[in-house]
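Note sheet for the following structure.
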Amino acid sequence: MKAMFPDDDLARTREIAERLQPILDEMGERTTVQLYQGQPFPVVISSMLSARTREENTEMAMNRLFALADTPQAMSQLKYEDVLEAIKMVQYPGNKAQYVIDTSSLIAQQGSVPQTLEELMALPGIGWKSAVLILWLGFGLAPEICVDVHVARIGIRLGLVKPTTKQPQKVSRELMAKIPEDLWGPWNPMMVNFGRTICLRVRPKCPTCPINDLCPKIGVQDVRT
Ligand code: SF4
């Protein structure tokens, strides 16, 4: 009898990506940070603003902020009150307004957005998750897999991550062992968009899921039809 899932996780995750990406492209799903792919400075700022913030609010804040200043030099010279007013719809606007100014100032001094995890994580308001995402969306570099709540949740459901693994960098390491290296970068945006539309946090759409036959549905108890 044919196994339900290929034994080889690398082959299974490649098949998952090959099925999902065209469907998500067709749906037009994009995170706000993805809108700036290939533009390192807006990727840094949108990644910072997007933390714990709804996509529509991140997008609005980006539009308002970049209408005031669109280079690191110009943004570093904005008044705190003006940045705060521009981004007031994101979570933690007070902290983020200061991060925007301080990070812009450092990037202006350095001359460009840095291209290593260590240097990015030294910028105010940039943690490991943002740094990994910035490397991919800003520069096309993927030394690790960026893990957020969608990537972690779906990784468990797909049987790629142990349900007991909580720490994002450990989740990333478990995923990297089972996902082909050329998919490490696109895996995060793909899973974020998949998690927002099909593999929902509550009652995922398993019956109509395009990778249903490739998924052991670990921990899924209730689905929507
Ligand atoms: S089958 Fe269900 S749990 Fe598995 S990936 Fe699809 S929606 Fe998620």
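The values are calculated or read from the model by the stated rules, or taken from the named source; none is laboratory data. Here the structure is a predicted model, which means the values were calculated and not measured. Cβ sites come from the backbone with ideal geometry, for glycine too, and all protein chains shown count toward neighbours. Only protein heavy atoms, including side chains, enter the accessible area calculation; ligands, DNA and RNA are left aside. Shrake-Rupley method; radii C 1.70, N 1.55, O 1.52, S 1.80 Å.
Some values worked out for this structure:
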quantity	calculated
Those residues of the range 69-93 which are surrounded by fewer than 20 Cβ atoms within 10 Å (Cβ to Cβ) and either part of a loop (DSSP other than H, G, I, E, B) or touching a Phe, Trp or Tyr at 6+ places or on another chain (Cβ under 9 Å) (or both), in sequence order	Ala69, Asp70, Thr71, Gln77, Leu78, Lys79, Lys88, Met89, Gln91, Tyr92
Flag if Leu200 is among the aliphatic types (A, V, I, L, M), free of Cβ contacts under 8 Å to residues at least 60 places away in the same chain and near the ligand (Cβ under 10 Å from one of its atoms)	yes
Any hit, the range 182-195, residues being more than 10 Å from the ligand (Cβ to nearest atom), of a type in the set (A, V, I, L, M) and part of a loop (DSSP other than H, G, I, E, B)	no
Test: residue in the range 16-23 that is acidic (Asp, Glu) and either buried (at least 17 other Cβ atoms within 10 Å of the Cβ) or assigned to a loop (DSSP other than H, G, I, E, B) (or both)	no
Enumeration of residues in the range 203-218 that are on the phi > 0 side of the Ramachandran plot and either open to solvent by less than 70 Å² (accessible area, probe 1.4 Å) or near the ligand (Cβ under 8 Å from one of its atoms) (or both)	Lys217
Elements of type helices (runs of 4 or more DSSP H) in the range 103-176, at least 3 residues being outside the structural domain of Ala69 (by TED's automatic domain parsing), open to solvent by less than 50 Å² (accessible area, probe 1.4 Å) and hydrophobic (A, V, I, L, M, F, W, C)	149-157, 168-176
